[in-house]
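Participant: Encoded as structure tokens, here's the structure I'll be asking about.
Quick note: the coordinates plus some simple rules give every number you see, no bench work behind them. Model, not experiment: these values are computed from the prediction. When we count neighbours, we look across all protein chains shown, and the Cβ atoms used for this are built from the backbone with ideal geometry, even at glycine.
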């Protein structure tokens, strides 16, 4: 039976935990070869070992341009091409509107927006050589609706969504599709300080926090359940597969109906 991503090669940034890790698992299951990039060496290597020969972990920090370029090159060198880029890496970036600093701004821009812009830039050449490709950017409902994140985070995610549309128009003639996913109410470690914070906790501690978070998030959506990392992975699979071959310049909201609610 043909799998949805047979003979496809994907690079997933921020791939060592949460949405990135679940997407790597699903892509491998559907026949892809996957480079998992991220800053957590231990988790990345464990995940790669779990997924087998069709995956490889690559130490990379998307706040550094040279690491982004190297990730693209290493993907092509190791698996021969690049079909799918999931610009997934992210996390909390700053403070409230009265306490935000220039350091917060610089870090946030590099982590959330510049990483998408540069990832797209470096993916163009190998995708063109391959006859096309698919770029998926992880955005957020914070870029759509008030009070889903601090103002800096929200503004940068809005930038990601808009850049997705603009770059998709530019790259359409090269058969490179560009879309974003805007998750909402997804139970991941971002809610208690991002993957770096989660890495300091034991598996049991993280699991306990996750179960409590699921209960709280379930109250915030019409579907009355928390979103899971696999829900975003499934959306990414759709966009990356032939089923999404006529979809470009779009933002796919996966939030259980959260953005349709009037109450906070």
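Participant: Between the helical axis of 115-129 and the dominant principal axis of the chain, each derived from Cα atoms, what acute angle in degrees is found, rounded to the nearest 10?
Facilitator: So the helix axis and the longest Cα principal axis differ by about 20 degrees.
Participant: Another question, if that's okay. For region 9-251, what number results from the quotient of the Cα radius of gyration and 2.2 N^0.38 Å?
Facilitator: 0.95
Participant: Still on this structure, I have one more. As I understand it, the value is the acute angle between the Cα axis of helix 65-79 and the longest principal axis of the Cα atoms of the chain; what does it come to in degrees, rounded to 10?
Facilitator: The two axes meet at around 50 degrees.
Participant: Between rounded, prolate and oblate, where does region 102-147 land on the alpha carbon gyration tensor, with a ≥ b ≥ c its root eigenvalues, rounded for a/c under 1.5, else prolate if a/b exceeds b/c?
Facilitator: Oblate shape, in that a/c is at least 1.5 and b/c is the bigger or equal ratio.
Participant: Now a separate question. Please compute the modelled spin-label separation between residue 146 and residue 246, points set 7 Å along Cα→Cβ, answer in nm with one decimal.
Facilitator: That separation, rounded to one decimal, is 3.9 nm.
Participant: While we're looking at this one, here's another question. Per-residue ellipticity at 222 nm for the chain, helices alone: DSSP H runs ≥ 4 residues times -39500 (n - 2.57), over residue total, nearest 500 deg cm²/dmol?
Facilitator: Taken over the chain, the calculation gives -13500 deg cm²/dmol.
Participant: Additional query: Between region 1-44 and region 120-143, what is the separation of their alpha carbon centroids in Å?
Facilitator: 15
Participant: So how tilted is helix 203-218 from the main axis of the chain? Cα-based, degrees 0 to 90, rounded to 10.
Facilitator: Helix 203-218 and the main axis of the chain meet at about 70 degrees.
Participant: Under a plain spin-label model, where a point goes 7 Å from the Cα along Cα-to-Cβ, how far apart in nm are residue 103 and residue 59?
Facilitator: Here the answer is 2.4 nm between the modelled labels.
Participant: While we're here: So if each residue of separation counts as 0.36 nm, and I subtract the Cα-Cα distance between residue 162 and residue 204, what length gain in nm does that give?
Facilitator: Length gained between residue 162 and residue 204: 11.3 nm.
Participant: Another question about this same structure. How much length, in nm to one decimal, is gained on full extension between residue 223 and residue 46, taken as 0.36 nm per residue of separation minus their Cα-Cα distance?
Facilitator: Between residue 223 and residue 46, full extension yields 60.4 nm more.
Participant: Further, regarding this structure: Could you give me D for region 13-90, from Stokes-Einstein at 20 °C and 1.002 mPa s, where the hydrodynamic radius is the Kirkwood radius over C-alpha pairs? Units µm² s⁻¹, please.
Facilitator: Answer from the Stokes-Einstein relation: 177 µm²/s.
Participant: Considering the Cα positions of region 9-140, please state its Rg to one decimal place and its Dmax as a whole number of Å.
Facilitator: When restricted to Cα atoms, region 9-140 yields Rg and Dmax of 14.7, 49 Å.
Participant: Follow-up question, since we're still on this one. Run the numbers for residue 74 and residue 128: contour at 0.36 nm per residue of separation, minus the present Cα-Cα distance, in nm. Spell out each step's value before the answer.
Facilitator: Values: separation 54, 0.36 × 54 = 19.44 nm, distance 1.69 nm.
Result for the pair: 17.7 nm of gain on full extension.
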